[in-house]
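The structure appears below as structure tokens.
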Amino acid sequence: MSERRPPQISSRKQPRQSRSNDLVAAILEAAAQVLKHEGAPRFTTARVAERAGVSVGSLYQYFPNKAAILFRLQRDEWQQTGAMLRDILQDTRQPHLQRLRTLVHAFIVSECEEAQTRGALNDAAPLYRDAPEAQEARSETDEAMLVFMAELLPQASAGTRQLAVDLIDTTLGATGREFSSEPRTAAEMRVYADAVADMFCAYLRQLGAH
């Protein structure tokens, strides 16, 4: 049996002129709208091209298939969210556990505000999650969290710090998806984020956080 190849999700070429940048931006905006309103199962390159007002051939100049478009949307979302979370983790004006609390609040609010699009991207994830580009795109925030844990838990072993990062990452992602599966008020988000942050902070204090 031949080995299953990962999907091709890299863009075919990078836009170099303003007109090309505008075309790619229009395609991505249209793709986000199709994904939001029709969901991953009905997401096709033809629908995206139609909504963007371009030919399918023009779309294929930049994206080889629908997996490439969906991955670009996911990568952009990872980058935006990751940059926000890294800024919080690196804000030395706040004590470490307060940074973690701020991060949890920001993440929960972000999950709720973008729940529909993120849910659709999660549905589409099997199309691109095994590709090398996807692994690389997720690594930057994990590295920032490990640096944060090294500062917070200097006496802990590398394995303990990695476990803490993995548990927080997995728990925050799962609880965020579950909580954002229905509309939430600002007060509900605040109460829920406080509870999740309390849980994380109690765990880290047990590991020797100060």
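The values are calculated or read from the model by the stated rules, or taken from the named source; none is laboratory data. Since the structure is predicted, the reported quantities are computational estimates derived from the model, not experimental observations. Because the Cβ atoms are built from the backbone with ideal geometry, glycine has one as well, and the counts that use them run over all protein chains shown. Accessible surface is based on the protein model in full, side chains and every heavy atom, while ligands, DNA and RNA are left aside. Shrake-Rupley method; radii C 1.70, N 1.55, O 1.52, S 1.80 Å.
In the list [x] 16.9, 50; [y] 17.8, 58; [z] 19.5, 59, the label attached to Rg and Dmax of the Cα atoms in Å as derived from the coordinates here is [z]. Every helix of 4 or more DSSP H residues in the chain counts as -39500 (n - 2.57), and over all residues that averages to -24000 deg cm²/dmol at 222 nm.
Run the accessible area of the chain with a 1.4 Å probe and give the carbon-and-sulfur part as a rounded percent.
Working: 5900 of 12000 Å².
With neighbouring chains kept in place, the figure for the chain is 49 percent.
Simple spin-label estimate for residue 83 and residue 171 gives 3.0 nm between the two label positions (7 Å along the Cα-to-Cβ direction from each Cα). Between region 31-79 and region 164-200, what is the separation of their alpha carbon centroids in Å? Using only Cα atoms, the two centres lie 29 Å from each other.
Put a dot 7 Å past the Cα of residue 185, heading toward its Cβ, do the same for residue 163, and the two dots end up 4.0 nm apart.
Please give the per residue accessible area of the chain, computed with a probe of 1.4 Å over protein heavy atoms only, in Å². Each step should come with its number before you reach the end.
Working: 12000 Å² over 210 residues.
Accessible area per residue, the chain: 57 Å².
Within region 102-117, what residues put their amide N at less than 13 Å from the label point 7 Å along the Cα-to-Cβ vector of residue 205? Inside the label zone: nothing.
Between residue 44 and residue 122, residue separation times 0.36 nm minus the direct Cα-Cα distance comes to 26.5 nm.
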